[in-house]
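Chemist: One structure coming up, written as structure tokens, with questions to follow.
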Amino acid sequence: MHGPAMPGWLLMALCAMTGAYCLLRARGRTGEERRAARAEALMGFGMAAMAVPAAVVAPPAWGWVLYTVLFGVAALRALWFSRGSGHHLHHLVGSSAMVYMSVVMARPGAGGHGSHASHAMAAAGGVPLLTGLLLAYYAAYVLRSGARLVPVSAATAGGGAVTAGGGAVTAGGGAVTAGGGAVTAGGPPAGGWGARPELALACRLTMGIAMFAMLLTL
């Protein structure tokens with residue numbers, strides 16, 4: 001766990017934690033929100049598996065074919081659900097990027113270089129124009145997500161609303177109800193940790209950065 005393998009370990013840990021949180025979000029959601037959370041969980045775990053240093057687990061040749069099929073199906077699913085939600089278009093781009101990287105890795109001679117998947121991708125190379133378009137997309141996505149995350153985090157940390165005359169006071173996820181009501185302080189919001197919008201945005205930002213880093217090696 002040193003030298004060139006370190007970026008792989010970091011990417012694997014970040015993407016695995018992101019996938020786990022997306023599964024937590026999916027448990028408390030229904031309908032469109034659950035589908036989106038599941039798609040993001042699949043992306044997170046898929047990226048984590050792809051980032052595992054080859055010195056630890058060298059993926060077999062058929063593994064990249066499996067990646068291609070799995071994320072090809074995910075891309076078609078995202079395309080289908082994009083009729084009702086534009087956010088699935090982002091899932092479509094992400095799944096297509098995973099298919100692209102898997103195809104690059106499956107090329108002869110791509111899997112035997114370096115101690116990390118990024119080394120193999122760098123050795124194999126990709127289509128410069130397609131790689132550049134994906135890099136531009138994820139660079140813009142990361143900047144946009146980061147800009148959106150700042151006001152959400154500030155609003156969450158700054159406390160909630162105060163209503164006079166027996167209303168509610170919320171701060172830090174808790175609630176105080178005047179006039180004989182219950183008092184709850186601290187802890188996650190009523191919907192649980194999976195209901196925090198700033199954490200969902202942070203997870204999407206993390207996956208965007210990780211995807212940019214993996215594409216950068218092509």
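Chemist: If I model a spin label at Arg34 and Ser85 as a point 7 Å from the Cα along the Cα→Cβ vector, what separation in nanometres do I get?
Modeler: About 1.2 nm separates the two model spin labels.
Chemist: Using the Karplus curve 6.51 cos²θ - 1.76 cosθ + 1.60 with θ = phi - 60°, what ³J(HN,Hα) values do you get for each residue of the range 203-209, in whole Hz, with x for Gly and Pro?
Modeler: With the stated coefficients, the range 203-209 comes to 5, 5, 5, 4, 5, x, 5 Hz.
Chemist: Go from 0 up to the bin containing the longest alpha carbon distance in the range 57-104, width 10 Å each, and give me the % of pairs per bin.
Modeler: With 10 Å bins starting at 0, P(r) equals 31, 44, 20, 5.
Chemist: A further question on this structure: So what are the ³J(HN,Hα) numbers for the range 144-149, from phi and the Karplus equation (6.51, -1.76, 1.60; θ = phi - 60°), rounded to whole Hz, Gly and Pro as x?
Modeler: Computed from phi, the couplings for the range 144-149 are 5, 5, x, 5, 6, 6 Hz.
Chemist: At 1.4 Å probe size, put Trp80, Trp62 in order of accessible surface, largest to smallest. Let's see the in-between values first.
Modeler: Details: Trp80 145, Trp62 170 Å².
The ordering from most to least exposed comes out as Trp62, Trp80.
Chemist: For Ala55 and Val69 in the same chain, what is the full-extension length gain: residue separation times 0.36 nm, less their Cα-Cα distance, in nm? Let's see the in-between values first.
Modeler: On the way: separation 14, 0.36 × 14 = 5.04 nm, distance 2.47 nm.
2.6 nm is the gain from fully extending Ala55 to Val69.
The values are calculated or read from the model by the stated rules, or taken from the named source; none is laboratory data. Because the structure is a prediction, the values reported are computed rather than measured. Note: ideal-geometry Cβ built from the backbone for every residue, glycine included; neighbour counts use all protein chains shown. The protein model used for the area step is the full one, side chains on, heavy atoms only, and it has no ligands, DNA or RNA in it. Shrake-Rupley method; radii C 1.70, N 1.55, O 1.52, S 1.80 Å.
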